[in-house]
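Working notes for the structure below.
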Amino acid sequence: MLDTVLIANRGEIAVRIVRACRELGIRSVAVYSDADAGSPHVAAADEAVRIGPADAARSYLDVEALLEACRATGAGAVHPGYGFLAENAGFAQQVVDAGLVFVGPPASAIAAMGDKTAARARMLAAGVPVVPGSDAALPDADEAARAAEDIGYPVLLKAAAGGGGKGMRVVTEPDALAAALEAAGREAKQAFGDGRVYLERYLARPRHVEFQVLGDAHGRLIHLGERECSIQRRHQKLIEEAPSPALDADLRQRMGAVACDAARAVDYVGAGTVEFLLQDGEFFFLEMNTRIQVEHPVTELVTGVDLVQWQLRIAAGEALDVPDEVARPRGHALECRIGGEDPTAGFLPATGTLRALDLPSGPGVRWDGGVEAGTEVGLSYDPLLGKLITWAPSRLEAINRMRRGLRELRIAGIRTTLPFHMAVMDEPDFRAGDLSIRYLEEHPDLVEAAGSWAQGAALAAAVLLEDTRRTNRGAIGARPGVSVRGQRAGPAERSVWQRAIEGDR
């Protein structure tokens, strides 16, 4: 087993890795920027090292600073988490060249799947179905026009060097193609340092379904079932669940086999995710994420497999002894990403100080968070505060448990996506499992509903804050009638607060 692991990340994923290390008896080393000096992941680790200022380019993306932290602490391995340098093949190779263990796939696998056009070609060679599209990056608008004409409108322009919604544009008619190509290339260059763009057929109403794969260095590779990730904004996920309500046992077996074929095509080792678009019974390879995913907890809850521990064990050379049967899900799990964003303002980032945080608990409820009361939420990093995850024997029970957990989760001091998630849990199409990546476009009323929820959540947060203040002064905890912003809440306000907390709207 590994002795000391440096976690080249921050926030909730760094806390998650610390916990996995502790259970395995591995010493953990956190790194932090000036903005994160007081963050929970710093306190959670066995040791912590400052690596630079708040600017990510001079801290979490500074390879030399990370390697120096390894040398200073005696860390023999690096876990990259997700984001930052997690899918940077050059970083993975530099870690190995420094004589350290990279807790992730080989640099060659990261590189093979990092270039989207090269990955498409490799998948086609391996017999993996891909969305019809251009075989290479588009050199100019004329070539883009020819490719789009062959495929048929609408088309989707995509960055060749990365994902996450950056460098993507939907084009519905030829006259708009040149401007969209220029804008997509400019955004891709800014996000990934590479402005190459290719195009694919734009599917009208697909679901986003991904398969978790796990492989060891001894030649065994398996999948652990799928996750539904269709509810997104700007191509970034908001809610995930396992299993997908769209898959039966036969489709799960077929898609899982293709996911394993895709991973074997790049000699994959470690935990990874093969993503597909699913529409009308057809599925197409989208991309492969060569790292742990934000949404990995839902797979853990329906399989009983600790994915982060297995990342560490595989990196240490252990043979994978997870039984194939884990691919058959046990119960149902949901995850809501709670971010510092304002749903009523187009999910724009929200900043401020978390003045109070009250977490839910009880059977089947899990919180993976990277913040606490007093945390300053700024614009330097991803706005994710934490993830609320629930498990239950059935999908409907898991949704109802999530409704309860969301009502119990109270955050004061910053606007969050919490009201949006509350609204989704009550939306009929969601509860019926009728989902696609167009879900938000098809349900614009959810933003208005989130605004209504936000009013009650704001009062709940104010009451929580007052309760925290009174507790700190040694007073009895506040109740719905306490002073809120200097005024005593009247009957109508208490009613809103009670509806927000007790679950009746």
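The values are calculated or read from the model by the stated rules, or taken from the named source; none is laboratory data. This structure is a prediction, so every number in the text was calculated from the model and none was measured. Counting neighbours? That spans all protein chains shown, and the Cβs are built from the backbone with ideal geometry, glycine included.
Is it fair to say Arg234 is more than 21 Å from Gly104 (Cβ to Cβ), touching a Gly at 6+ places or on another chain (Cβ under 9 Å) and either of a type outside the set (A, V, I, L, M, F, W, C) or crowded, with 24+ Cβ neighbours inside 10 Å (or both)?
yes
Out of (1) more than 18 Å from Phe102 (Cα to Cα); (2) in contact with an Asp or Glu (Cβ under 7 Å, 6 or more places away or on another chain); (3) outside any helix (DSSP H, G or I), the odd one out for Phe285 is which?
(2)
What number goes with the only condition from (1) surrounded by 20 or more Cβ atoms within 10 Å (Cβ to Cβ); (2) outside any strand (DSSP E or B); (3) small (Gly, Ala, Ser) that Gly225 does not pass?
Status for Gly225: all satisfied but (2).
Inspect all residues belonging to the stretch 340-348 and state whether any of them is within 17 Å of Gly11 (Cα to Cα) and not polar (S, T, N, Q).
The answer is yes; a qualifying residue exists.
Kindly check whether there is at least one residue in the stretch 81-91 that is in contact (Cβ under 8 Å) with a residue 12 or more places away in the chain and farther than 25 Å from Gly378 by Cβ.
Looking through the stretch 81-91, at least one residue is in contact (Cβ under 8 Å) with a residue 12 or more places away in the chain and farther than 25 Å from Gly378 by Cβ.
For Val326, only one of the following conditions fails: (1) surrounded by fewer than 17 Cβ atoms within 10 Å (Cβ to Cβ); (2) of a type in the set (A, V, I, L, M); (3) more than 18 Å from the chain's Cα centre (by Cα). What is its number?
The single condition Val326 does not satisfy is (1).
Please specify each residue of the stretch 321-340 satisfying the condition of being modelled with pLDDT under 95 and outside any loop (DSSP other than H, G, I, E, B).
If the condition is that a residue be modelled with pLDDT under 95 and outside any loop (DSSP other than H, G, I, E, B), then Asp324, Glu325, Val326, Ala327 are the ones that fit.
Go over the candidates Gly38, Gly11, Gly52 one by one and state the one that is within 20 Å of Leu312 (Cβ to Cβ) and not hydrophobic (A, V, I, L, M, F, W, C).
Testing whether each residue is within 20 Å of Leu312 (Cβ to Cβ) and not hydrophobic (A, V, I, L, M, F, W, C) leaves just Gly11.
What number of residues within the stretch 183-211 satisfy the criterion of being farther than 23 Å from Leu435 by Cα and out of contact with any helix residue (DSSP H, G or I) (no Cβ under 8 Å at 6 or more places or on another chain)?
So the first thing to find is which residues in the stretch 183-211 are farther than 23 Å from Leu435 by Cα, and the list is 183-199.
Cutting the leftovers down to out of contact with any helix residue (DSSP H, G or I) (no Cβ under 8 Å at 6 or more places or on another chain) gives us 183-193.
Residues meeting the conditions: 11.
Looking only at the stretch 178-214, which residues are in contact (Cβ under 8 Å) with a residue 60 or more places away in the chain, of a type in the set (A, V, I, L, M) and buried (at least 19 other Cβ atoms within 10 Å of the Cβ)? Spell out the reasoning first.
Going through the stretch 178-214, the residues in contact (Cβ under 8 Å) with a residue 60 or more places away in the chain turn out to be 196-201, 203-214.
Now restrict to residues that are of a type in the set (A, V, I, L, M): 197, 199, 203-204, 209, 213-214.
Result: Val197, Leu199, Leu203, Val209, Val213, Leu214.
So is Leu156 surrounded by 19 or more Cβ atoms within 10 Å (Cβ to Cβ) and in contact with a helix residue (DSSP H, G or I) (Cβ under 7 Å, 6 or more places away or on another chain) or not?
no
Gly346 passes all but one of (1) on the phi > 0 side of the Ramachandran plot; (2) crowded, with 21+ Cβ neighbours inside 10 Å; which number fails?
Gly346 satisfies every listed condition except (2).
Which of the residues spanning the stretch 16-64 are of a type in the set (D, E, K, R) and closer than 23 Å to Trp367 by Cβ? Working first, answer last.
Keep residues of the stretch 16-64 that are of a type in the set (D, E, K, R), which gives 16, 19, 22-23, 27, 34, 36, 46-47, 50, 55, 58, 62, 64.
Hits for the stretch 16-64 are Arg16, Arg19, Arg22, Glu23, Asp36, Asp46.
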